[in-house]
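Here the structure comes first, spelled out in structure tokens, and everything after it is commentary.
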Amino acid sequence: MLIIEVTNAREVMRKRLGSLGNRLIGKLVDADSQVEKALIEEMEIAFQEFGIEAKILSVQGPTLDGSQSIKVPIKVKKERNVIVNEE
């Protein structure tokens, strides 16, 4: 199982949206959701290319408590099943 915590979502969105977008982050644009969505799409493509079937979940709730443990009150925000289409 992999857990990926994006720690610079706001900075990523600032770079992508420029100075105008910088003012919109947090008001009209949810940086975390946008970066998660882009990562899920890229992971799905990569998994299919490698023949990996997986369930990718975007969840709300868990937080990293240092590097030793995770607090896990999980609410699933989005789920996508990756299926390999054999040709």
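Nothing in this text is a laboratory measurement; each read-out follows from the coordinates by a stated rule. Since this is a predicted model, take the numbers as computed values, not measurements. In this analysis, Cβ positions are derived from the backbone assuming ideal geometry, glycine residues included, and neighbour counts consider all displayed protein chains.
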Original post:
Applying the Karplus parametrisation 6.51 cos²θ - 1.76 cosθ + 1.60 with θ = phi - 60° to the phi angles of the stretch 50-60, what ³J(HN,Hα) value in whole Hz is obtained for each residue in order, glycine and proline being reported as x?
Top reply: 8, x, 8, 9, 7, 10, 9, 10, 9, 10, 10
**OP:** Cross-chain or 8 or more residues apart, Cα under 15 Å: how many lysine pairs in the chain fit that? Count them up, please.
**Re:** 5
Original post:
Antiparallel as a % of all DSSP beta bridges within the chain, to the nearest 5?
Top reply: 90 percent
**OP:** Of the listed values (i) 15, 38, 33, 13, 1; (ii) 17, 38, 30, 12, 2; (iii) 16, 52, 26, 5, 0, grab the one calculated as P(r) over Cα pairs in 10 Å bins from 0, in percent from the structure here.
**Re:** (i)
Subject >> Rough spin-label spacing in nm, given labels placed 7 Å along Cα→Cβ, for E79 and I45 >> reply: 2.6 nm
